[in-house]
Amino acid sequence: MKIKWYLLDAGKLQEQPAPEGDIQISLEESGERWYDVQEAETEELHQFLTSLDLHPLQLTRCLDSINDPGVISFGKSLLMEFPAASDRESTDLSYLTILLQDHVLMTIRHGALGALDDLAFSLTGKSAPAILHLAQIIYLILDQFADLNVEAEVTIRDQIKILSNTLAENPGKVSSSDLSHIRGQVENLVSLVENQLYCISGLNASDNEVLQDPHRKAYILDLLSETEIMQSGVFRLETRVRDLYNDYQAAGNELVEKRLRLLTIVSAITLPLGLVAGLLGMNVGGVPGTTNNSGFIIVIFLMVLIVLVETWYFTRKGWFD
């Protein structure tokens, strides 16, 4: 188990030296602290959490290998399982367990969450903003991942625009795998945002004492509003992908129609030629031109004339457009 921990003192978040051996948490210690836990095994995580005096349901959720988005609050103790990030190429979500108990904040990572490292670095740097309380760190964590969702939405939207332009200019360059790939990314983002909205809605509805301050409540409402806007945005992406797929099918149908039309024209042109060849090739008496030395040339000329007349007719009627 890897642990990074930070001390919040006088509005400054300061990273502390890595602990030697097993680190113990005590609620009796003064000062607000943030523990960031990575690669934790169930047994060592259980020992680490024992001193926090958690509600049994919260402790079970922390140790459970199955992550379900949601919020569990008892008094001053708050537990949130938050789907923090997702590889847009994969349906598997990375979860972040956020635990707030008195003056201790703990984040337990379930998967790669590089954005959390970036946030910790920005909060401990020279130009770091003032941190007034641990709840503010929770808000900043949630806001960090909301920003990543916006970046993902913009990236996917640009990809859809490129595919749409390519489809309009050269439909042959767009394949069904391209559409399936972009649709998979949108579906993953929709799932991620919906789960995050569920968590933030639970946070807003929570009666946790730490979050009842009007200023802190306003920040939660702002996060809720931002996530709802994000949800509307990804729903629009779904509509755009659906329209793009319909355009792709229409372009494919048009291509098939053109090919069938060309085959129909070729068949219509060659049908009279086959009729002429069949009539003149009958092995019966009285076939015209058999005794004429120029008969073959006359028949070829007649066939060419038929082709030219039919081609002129189909062109005039717009069949080749």
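When A85 is tested against (1) part of a strand (DSSP E or B); (2) at pLDDT 85 or above; (3) not charged (D, E, K, R), just one condition goes unmet, and that condition is (2). When we screen L132, L123, L148 for residues that are touching a residue at least 40 places away in the same chain (Cβ under 8 Å), under 17 Å from L7 (Cβ atoms) and surrounded by fewer than 20 Cβ atoms within 10 Å (Cβ to Cβ), the only hit is L132.
Rundown of residues vs (1) under 21 Å from G11 (Cα atoms); (2) loosely packed, with under 13 Cβ neighbours inside 10 Å; (3) assigned by TED's automatic domain parsing to the domain that holds N195; (4) out of contact with any Asp or Glu (no Cβ under 8 Å at 6 or more places or on another chain), yes/no style:
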site: P69; (1), (2), (3), (4): no, no, yes, no
site: F82; (1), (2), (3), (4): no, no, yes, yes
site: L113; (1), (2), (3), (4): no, no, yes, yes
site: S127; (1), (2), (3), (4): yes, yes, yes, yes
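Out of curiosity, is D222 touching a residue at least 60 places away in the same chain (Cβ under 8 Å), of a type in the set (D, E) and assigned by TED's automatic domain parsing to the domain that holds I182? No, not satisfied. One residue stands out among those in the stretch 260-284 that are over 19 Å from I298 (Cα atoms) and of a type outside the set (S, T, N, Q): the one that is surrounded by the fewest Cβ atoms within 10 Å (Cβ to Cβ), which is V284. Quick one: would you say I160 is in a loop (DSSP other than H, G, I, E, B) and surrounded by 14 or more Cβ atoms within 10 Å (Cβ to Cβ)? Answer is no for this residue. With respect to (1) surrounded by 15 or more Cβ atoms within 10 Å (Cβ to Cβ); (2) over 14 Å from the mean Cα position of the chain (by Cα); (3) more than 24 Å from D213 (Cβ to Cβ); (4) not β-branched (V, I, T), the lone exception for D118 is condition (1). Can you find a residue in the stretch 180-187 that is surrounded by 15 or more Cβ atoms within 10 Å (Cβ to Cβ), touching a Leu at 6+ places or on another chain (Cβ under 6 Å) and in the same structural domain as I98 (by TED's automatic domain parsing)? Yes, the stretch 180-187 contains a residue that is surrounded by 15 or more Cβ atoms within 10 Å (Cβ to Cβ), touching a Leu at 6+ places or on another chain (Cβ under 6 Å) and in the same structural domain as I98 (by TED's automatic domain parsing). For the stretch 95-151, a tally of residues being assigned to a loop (DSSP other than H, G, I, E, B) and of a type in the set (V, I, T) returns 1.
Taking the stretch 255-276 as the range and being of a type outside the set (K, R) and in contact (Cβ under 8 Å) with a residue 24 or more places away in the chain as the test, the residues that pass are L255, I265, A268, I269, P272, L273, V276.
Taking the criterion of being aliphatic (A, V, I, L, M), at pLDDT 75 or above and surrounded by 10 or more Cβ atoms within 10 Å (Cβ to Cβ), the residues of the stretch 1-32 that qualify are M1, I3, L7, L8, L13.
The values are calculated or read from the model by the stated rules, or taken from the named source; none is laboratory data. Because the structure is predicted, anything quoted here is derived from the model rather than measured. All Cβ positions, glycine included, derive from the backbone under ideal geometry; neighbour counts span all protein chains shown.
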